[in-house]
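> Handing you this structure, nothing more for now.
The values are calculated or read from the model by the stated rules, or taken from the named source; none is laboratory data. All values reported here derive from a predicted model rather than from experimental measurement. Cβ placement follows ideal geometry from the backbone for every residue including glycine, while neighbour counts extend to all protein chains displayed.
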């Protein structure tokens, strides 16, 4: 490809006196400008809500900010957000454990053992479809099956299970993609040394796939922190500090504070809703930035060529493996996965 | 080459384990002190066991998403059966939503317990779900696609990275935060600045849907908030599709003297349009299921929106908003009816998602331009 473009530019350079765009009529030039103008407008309309929302959140919280939200629990008439912050972290911890167990295991199976059978296609499709199910449906099922059906009551474990299932597709997909991007030579080298497949996986393949897996996990946790609807039905809410147990005790969390405190009569409680919103946005931005940092750090050290053969540049391959940034996601996966599949085999 | 690079590649992430890595990989097998033959036999057995347990263990976890999907369908179906029998087709076509007289004693109709006068018609919610999602996709799709085109084709690397961050943040902002923004900032802004202009549209077909009384909360506000929420999904997907278009095809078009817009419309557009349909439908799926934001901005009205600005609600918003009321129904029918609503929503989104993925997959396999698809 480099050779091809080199030739092209040489030809262009080799024709002195001919302006490259001499043949373009004013009308076409106008149409070109209009086209990109419309695209620019679209870009402005994409960026505007981001700036607007962040501005609203920051300004709204800044005017009422008080640091005691970290030391006081919420009460009906004011207080702080300590119980909600601890509850959110507790739920996130549980979600992290569950979703990495299921997601990474599932990704390993799909990448290493499943091959391309009907069954594996079914598993992949189910994982992708799961990411498109509304979170309220997850929540209501969790409510019916776990909270009521198993008599667990509104508590931490149903919430963790529901959230973990909600975000598991992101972890599974990023694990599978990351494993698929590990150079074949790593595996061949390991097997040539007589290592078993499990050992190759653990010692060689997993290590270079970890950044991609980690990125997916971080994005998954960022999504789970921002969820409200499934938690209303599973975690309930509590004004006291979570006991860090799993069953029968309701747990507070930040999104609930935003969701219900905003229209309370007390101004102090309304302030908590705004502050919870700022904390949520802050947490999500930190998660997104840290996943980007991981991608950047590992791209710097990543090999220039991934896999043998294929004209696709390795940088692009690495990007497509590590980038799970589109939170909407797994959306891209069918395209990316199948085309990468073509590129690899 | 790979040998030289591999330590560096895993250096930064596995720092904690680094001291162990110089050891021979074979050391992991047990019985390292035995004779060579026994050693290798033990190692082979160990390898077989570890391989099989890894395969079965990970295989078990990979079934969980499928099982969860099936379990959700079964749970909702079983829970909803009495409601389906009681409500019949009225659930899909009727417009009255009433818990009945909870002090009037429990009646039994066809074996289903219910309060006197309970009637559940979810048509306004179903229509509200479809209408708000349609607005979201009509507004959001052009914005997302246009922005993605500019991002991939024109934006310098650093700008593209910054805008990529914007897209991620918009996708990551919790829906409750976007909902509150819609309720307190965006909705009132629309009612003050945009709606007065729209409401004075000329009285001709299509444009006349904008005429009429308006308020800050309602269908259009909800649809526009949904648009903001699905734009990042569609934009990110479009961006990825565009980046897969091979450079050589673009260079070929440029060599023919086309302007950059013409290059886009003749080359990239044909390359990505199939995938775009899939991306749009994925965004649609997200809009159909959005709960919290729409519950805040829609005005929570269990009747059909009176005009495009009218208050309304969606299936998802009803489930989250009506639980307290439903739990007070002593016969339990209200909770089961909400399960029926969740089932309808699940089926709608399942169909939308499966269709979207089929489209995306087909367009990925049979890329419309043959050049470059083979490698």
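> Within the stretch B:288-308, work out how many residues are buried (at least 24 other Cβ atoms within 10 Å of the Cβ) and more than 10 Å from chain A (Cβ to nearest Cβ).
3
> Just checking, how many residues over the stretch A:43-60 are in contact with a helix residue (DSSP H, G or I) (Cβ under 6 Å, 6 or more places away or on another chain) and within 17 Å of residue B:161 (Cα to Cα)?
Residues that pass the stated criteria total 4.
> Something else: Where in the stretch B:69-174 are there helices (runs of 4 or more DSSP H), lying wholly inside it, with at least 1 residues that are farther than 28 Å from residue A:40 by Cβ?
Output list reads B:90-93, B:123-153.
> Here is a further query. Take the stretch A:251-280 and flag every residue that is over 27 Å from the mean Cα position of the chain (by Cα) and outside any helix (DSSP H, G or I).
Result: A:262, A:263, A:264, A:265, A:266.
> Quickly run through the stretch A:88-113 and pick out the residues that are at the interface with chain B (Cβ under 7 Å from one of its Cβ atoms) and buried (at least 21 other Cβ atoms within 10 Å of the Cβ).
Listed by number, the residues that qualify are A:102, A:105, A:106, A:108, A:109, A:110.
> Here's another thing I want to ask about it. Between a residue in the stretch A:120-144 that is facing chain B (nearest Cβ under 7 Å) and any residue that is assigned to a loop (DSSP other than H, G, I, E, B) and crowded, with 24+ Cβ neighbours inside 10 Å, which pairs come within a Cβ distance under 8 Å, given they are 6 or more apart or on different chains?
A:127/A:330; A:128/A:330; A:134/B:290; A:134/B:291; A:135/A:227; A:135/B:291; A:136/B:291
> Among the helices (runs of 4 or more DSSP H) lying completely within the stretch A:167-241, list those that include at least 2 residues that are modelled with pLDDT of 85 or more and closer than 30 Å to residue A:269 by Cα.
Once the helices (runs of 4 or more DSSP H) in the stretch A:167-241 are filtered for at least 2 residues that are modelled with pLDDT of 85 or more and closer than 30 Å to residue A:269 by Cα, what remains is A:206-225, A:229-234.
> Another question, then. Kindly provide the set of residues from the stretch B:200-236 that are touching a helix residue (DSSP H, G or I) at 6+ places or on another chain (Cβ under 6 Å) and free of Cβ contacts under 8 Å to residues at least 60 places away in the same chain, ordered by number.
Within the stretch B:200-236, B:201, B:216 qualify.
> Report whether or not residue B:188 is away from every other protein chain (no Cβ under 11 Å) and either free of Cβ contacts under 8 Å to residues at least 24 places away in the same chain or outside any helix (DSSP H, G or I) (or both).
When the stated conditions are applied, residue B:188 does not pass them.
> Just checking, does the stretch A:190-211 include any residue being within 23 Å of residue B:172 (Cα to Cα) and at the interface with chain B (Cβ under 8 Å from one of its Cβ atoms)?
Taking every residue of the stretch A:190-211 in turn, at least one turns out to be within 23 Å of residue B:172 (Cα to Cα) and at the interface with chain B (Cβ under 8 Å from one of its Cβ atoms).
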